[in-house]
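Engineer: Have a look at this one.
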Amino acid sequence: MTQSVEGSSSADRLVRFSTAERMIHRSIAVLMLTCMATAAVLYNAPIAVSIGHRRIVKLIHITCGFALPVPILLGAVFATYRADLRRLNRFRRSDWTWLRSGNRRDGSIRVGKFNAGQKLNAALSTGAMLVLLGTGTLMYFPNISRLSWRTGSTFVHDWFALAIGLLVIGHVRFAVKDPESRVGMKTGSVSAAWAHKQHGAWAAEQESSA
């Protein structure tokens, strides 16, 4: 029997993400982290002075910001990506139970491919990205709106940037605490034991359709 990642056999693993989904995730991660890094430079005077090249940093920030929706839109071409978007967009009774539970990670609550926390993170991140894109557009093209709108856009853009930064930090923190989840995003497959504990309903669905 062939061996797979993390020392488990290929028969003990379930396919979680397609190659397209993993590439889209990585593209969004690179663009988002670049936006966050350049924003930190632009909004922090000491860092900005030490790095210099403000125009270049600003150009990178703007380019990555406008490019953020591109991987998401390209993902619509792939059936696996569209299927996962539908999963993320459905909040079930088990998701509410999972949110209220104090021991949601022990596997007693059978959730689907994505738990309620992941669904909320996806919804909040997408909403924040749309707000940032809209306010960023008003800031970059000042002639398309009145002064009061541009002033308000700057205020909203700053606060939503902070909010999405906190969401990204939280996302990374949970990923660091769950090595098998990271393996799933890196290789596309996860161990069946992990899947049954963390996403029992999805694991059963995968095995029944195999």
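The values are calculated or read from the model by the stated rules, or taken from the named source; none is laboratory data. Keep in mind it's a predicted model, so treat the numbers as computed, not measured. Here Cβ is always computed from backbone atoms with ideal geometry, including for glycine, and neighbour counts include all displayed protein chains.
Engineer: Of everything in the range 10-47, what is closer than 14 Å to Lys58 by Cα and of a type outside the set (A, V, I, L, M)? Give them in sequence order.
Structural biologist: Of everything in the range 10-47, those that are closer than 14 Å to Lys58 by Cα and of a type outside the set (A, V, I, L, M) turn out to be Thr34, Cys35, Thr38, Tyr43, Asn44.
Engineer: Working carefully through the options Leu138, Leu73, Leu167, Leu88, find the one that is modelled with pLDDT under 95, closer than 28 Å to Arg22 by Cα and touching a Ser or Thr at 6+ places or on another chain (Cβ under 6 Å). Don't jump to the end; show me each part of the working.
Structural biologist: Numbers: Leu138 fails: closer than 28 Å to Arg22 by Cα; Leu73 fails: touching a Ser or Thr at 6+ places or on another chain (Cβ under 6 Å); Leu88 fails: touching a Ser or Thr at 6+ places or on another chain (Cβ under 6 Å).
None of the others qualify; the one that does is Leu167.
Engineer: If a residue must be surrounded by 18 or more Cβ atoms within 10 Å (Cβ to Cβ), in a loop (DSSP other than H, G, I, E, B) and either touching a His at 6+ places or on another chain (Cβ under 7 Å) or among the polar types (S, T, N, Q) (or both), how many such residues does the range 80-139 contain?
Structural biologist: Selection size over the range 80-139: 4.
Engineer: Oh, and also: Would you mind stating whether Trp202 is surrounded by 16 or more Cβ atoms within 10 Å (Cβ to Cβ) and assigned to a helix (DSSP H, G or I)? Before you say what the answer is, go through the steps one by one.
Structural biologist: Values: surrounded by 16 or more Cβ atoms within 10 Å (Cβ to Cβ): yes; assigned to a helix (DSSP H, G or I): yes.
Yes.
Engineer: Looking at the range 55-67, can you tell me whether even one residue there is among the small types (Gly, Ala, Ser) and over 25 Å from Phe141 (Cα atoms)? I'd like the intermediate steps shown before the answer.
Structural biologist: Restricting attention to the range 55-67, the residues satisfying the condition of being among the small types (Gly, Ala, Ser) are 65, 67.
Then keep just the ones that are over 25 Å from Phe141 (Cα atoms); that gives none.
No, every residue in the range 55-67 fails to be among the small types (Gly, Ala, Ser) and over 25 Å from Phe141 (Cα atoms).
Engineer: Take Leu68 and decide whether it is assigned by TED's automatic domain parsing to the domain that holds Ala37, touching a Leu at 6+ places or on another chain (Cβ under 6 Å) and not small (Gly, Ala, Ser). First the steps, then the outcome.
Structural biologist: On the way: assigned by TED's automatic domain parsing to the domain that holds Ala37: yes; touching a Leu at 6+ places or on another chain (Cβ under 6 Å): yes; not small (Gly, Ala, Ser): yes.
Criteria met by Leu68.
Engineer: Working only within the range 84-135, note down all residues that are of a type in the set (Gly, Ala, Ser) and in contact with a Lys or Arg (Cβ under 9 Å, 6 or more places away or on another chain).
Structural biologist: At the first step, the residues of the range 84-135 found to be of a type in the set (Gly, Ala, Ser) are 94, 101-102, 107-108, 112, 116-117, 122-123, 125, 127-128, 134.
Of everything in the range 84-135, those that are of a type in the set (Gly, Ala, Ser) and in contact with a Lys or Arg (Cβ under 9 Å, 6 or more places away or on another chain) turn out to be Ser94, Gly107, Gly112, Ala116, Gly117.
Engineer: Scan the range 37-70 for residues that are under 30 Å from Ala20 (Cα atoms) and out of contact with any helix residue (DSSP H, G or I) (no Cβ under 7 Å at 6 or more places or on another chain) and jot them down.
Structural biologist: Ala37, Leu59, Thr63, Phe66, Val70
Engineer: Considering only residues that are in contact with a Cys (Cβ under 8 Å, 6 or more places away or on another chain) and in a helix (DSSP H, G or I), look in the range 33-70 and name the one that is nearest to Thr126 (Cα to Cα).
Structural biologist: Looking at residues that are in contact with a Cys (Cβ under 8 Å, 6 or more places away or on another chain) and in a helix (DSSP H, G or I), I get Gly65.
Engineer: Same structure again: Checking Ser181 against (1) surrounded by 17 or more Cβ atoms within 10 Å (Cβ to Cβ); (2) not assigned by TED's automatic domain parsing to the domain that holds Gln118, only one condition comes out false. Which one?
Structural biologist: Condition (2) is where Ser181 drops out.
Engineer: Pairs needed: first member in the range 136-155, over 17 Å from Thr63 (Cα atoms); second member anywhere, not in a helix (DSSP H, G or I); C-beta distance under 9 Å; at least 6 residues apart or different chains.
Structural biologist: Ser153/Ser145
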